[in-house]
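A.B. asks: One structure follows; several queries about it will come next.
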Amino acid sequence: MKYLIFTLLAAIIGVVAFGSGYHLGQGKPGGNLGGGAAVHAGVAHGFRALLELGEDGQSVDWQTLLKTTDPLEPSLLTAWARSLDPGAAAEIIKALRAQPANARRNDLLGALYNAAAERDPKGFLSDTTNIAVPRLRELGIDTALKTWAAQDPKAALQWIKDNPGTASTSAGDERFAAAVAGFASTDPAGALATVSALSDNNPRDRLLKSAATKALADALADQGQFTQAATFFNELPSGQTRNDAYAELAQRWTALSPNDAASWVEGLNNDPSLKEAMGTEVAKGWAMTDPASAATWAAKIDAADTAAGISEGEPGSTLLATTIRTWTTYDLDSAGQFLNLLPSSPTKDPAVAIFALRASQEDPQGAFQWVSTISDPQMRNGLTVGLSLLWMQEDQAGFNQFLASPGTLNDEQKQMISTIPAQAAQSLNQLNTVMGGGEAVQTMLENSILNGRGLVGARNSTNSTITTTPLNEPSN
């Protein structure tokens, strides 16, 4: 049924728009921020005051921590657990185990287990059977392995081999990844060699290798060795493992220094596919914290790649669209204002298409005005069909009223819309349900634009007011 409905939807768009050669996603083959810090600081203040009663935190008794209703800030809870001498910590663990099981008790126990694992990793690993909560046991084991591997990676890795039956498959992967992270903290080259030696002959091996590679990337990122990490990962053979490592690196680098991460991406000129993939990671992450800067950079890279001939059929032309997709999840108005400042261009078209799809949720009529600014006639016509189908799905009566209004669409657009089968909206609803509900179909349309594959197959071509209306003359 799923494929039948999808085929029907593809046929609808294909019959209506394919005549002019359009496919959603012209181009390449192939991605509420808000405050809250003040609120978080306020609710955590009581707990912070408790932990800072004594210079080393030892004046805080576990009964008080167990009873407080304030959030337990992880870093301060960790500092409290580390400040206890081993004997006192052991007594508190014993007392907490006798308490009724709940999230607060487990938070305290977890901090104490991790502190013990850091203090004496081999001793901790020698007997973990008395830790009744599996999640706490595995987190403690991971901490112990990470600490031990930083000191003696060969012994830590051997322990994992000698204890294969004590963890599930996923837990085993996490154990190995933790050891790799500890190994990398003192010997990045050795950790890379260990990861590179892993087999990737089957899905199970690839999952383990991917987890270990991401852990290696995180460990190097924690040390701020982003450039060194990029050099290390360049030694990995092309494939999913290297892609995972680079993606993790790009995400961490962007979170700390987006400008530096962007500069790194700009230098990846020898591998267009890698450049596009990492550019997407940087654009998405940067757009969450500084969308205007991210969009400015993305537009620059898109334009440069297009000028270099990397556009249609090649990676490098939808970073701006990726940025707009992230930006519009929490600020549609500002994203529209930014697009209004850009001149019409082939690299702007996918971004406008993404924006129009997002704007259609708030102002479908205004979304059609954005479609009219797309420079590529094939993309413009195809998106007209796509928006029509979405509106028909949500509000057939409102869509009919829009069509009846004079001057809303040109004759070509009206002709295309008139050929949409009457049952199309019902078919779209069925497809949306099959795909999981919500905005599944819209997400599919957005992905087709970003991935450049299109919905019917690729074809080459020569209470506040939201600003969803484009300016008549975008400025240069």
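A.B. asks: Might you check whether a residue that is open to solvent by less than 60 Å² (accessible area, probe 1.4 Å), modelled with pLDDT of 80 or more and within 29 Å of the chain's Cα centre (by Cα) occurs anywhere in the stretch 403-421?
C.D. replies: no
A.B. asks: Please work out which one of (1) crowded, with 17+ Cβ neighbours inside 10 Å; (2) closer than 16 Å to residue 318 by Cα is the condition residue 273 fails and give its number.
C.D. replies: Of everything listed in (1) crowded, with 17+ Cβ neighbours inside 10 Å; (2) closer than 16 Å to residue 318 by Cα, residue 273 misses just condition (1).
A.B. asks: Quickly run through the stretch 245-277 and pick out the residues that are more than 25 Å from residue 206 (Cβ to Cβ) and among the hydrophobic types (A, V, I, L, M, F, W, C).
C.D. replies: 255, 256, 261, 262, 264, 265
A.B. asks: Select the helices (runs of 4 or more DSSP H) contained entirely in the stretch 62-123, then report the ones holding at least 2 residues which are open to solvent by less than 20 Å² (accessible area, probe 1.4 Å).
C.D. replies: Fully inside the stretch 62-123 and qualifying: 74-83, 86-97, 103-119.
A.B. asks: Let me ask another. Can you list the helices (runs of 4 or more DSSP H) found entirely within the stretch 374-450 that contain at least 3 residues being of a type in the set (Gly, Ala, Ser)?
C.D. replies: Working: elements: 377-394, 396-404, 411-418, 424-434.
Qualifying helices (runs of 4 or more DSSP H): 377-394, 396-404, 424-434.
A.B. asks: Check the stretch 431-444 and report whether any residue there is open to solvent by less than 20 Å² (accessible area, probe 1.4 Å), at pLDDT 75 or above and closer than 24 Å to residue 320 by Cβ.
C.D. replies: So far as the stretch 431-444 goes, yes, one or more of its residues are open to solvent by less than 20 Å² (accessible area, probe 1.4 Å), at pLDDT 75 or above and closer than 24 Å to residue 320 by Cβ.
A.B. asks: Hey, can you tell me all the residues within the stretch 179-209 that are of a type outside the set (Lys, Arg), in contact with an Asp or Glu (Cβ under 8 Å, 6 or more places away or on another chain) and open to solvent by 20 Å² or more (accessible area, probe 1.4 Å)? Lay out the reasoning, then the answer.
C.D. replies: Keep residues of the stretch 179-209 that are of a type outside the set (Lys, Arg), which gives 179-203, 205, 207-208.
Among the residues that remain, those that are also in contact with an Asp or Glu (Cβ under 8 Å, 6 or more places away or on another chain) are: 181, 185, 192, 196, 198-199, 207-208.
Within the stretch 179-209, 185, 196, 198, 199, 207, 208 qualify.
A.B. asks: Can you work out which of the residues in the stretch 346-402 that are in contact with a Leu (Cβ under 6 Å, 6 or more places away or on another chain) and more than 18 Å from residue 321 (Cβ to Cβ) is most open to solvent (accessible area, probe 1.4 Å)?
C.D. replies: Of everything passing the filter in the stretch 346-402, 393 is most open to solvent (accessible area, probe 1.4 Å).
A.B. asks: If you don't mind, there's one more thing I want to ask. How many of the residues in the stretch 210-234 are of a type in the set (Ser, Thr, Tyr) and crowded, with 17+ Cβ neighbours inside 10 Å?
C.D. replies: 2
The values are calculated or read from the model by the stated rules, or taken from the named source; none is laboratory data. These figures come from a predicted structure and were not determined experimentally. Virtual Cβ from ideal backbone geometry, glycine too; neighbours counted across all protein chains shown. When the accessible area is computed, the model is the full protein with side chains, heavy atoms only, and any ligands, DNA or RNA have been set aside. Shrake-Rupley method; radii C 1.70, N 1.55, O 1.52, S 1.80 Å.
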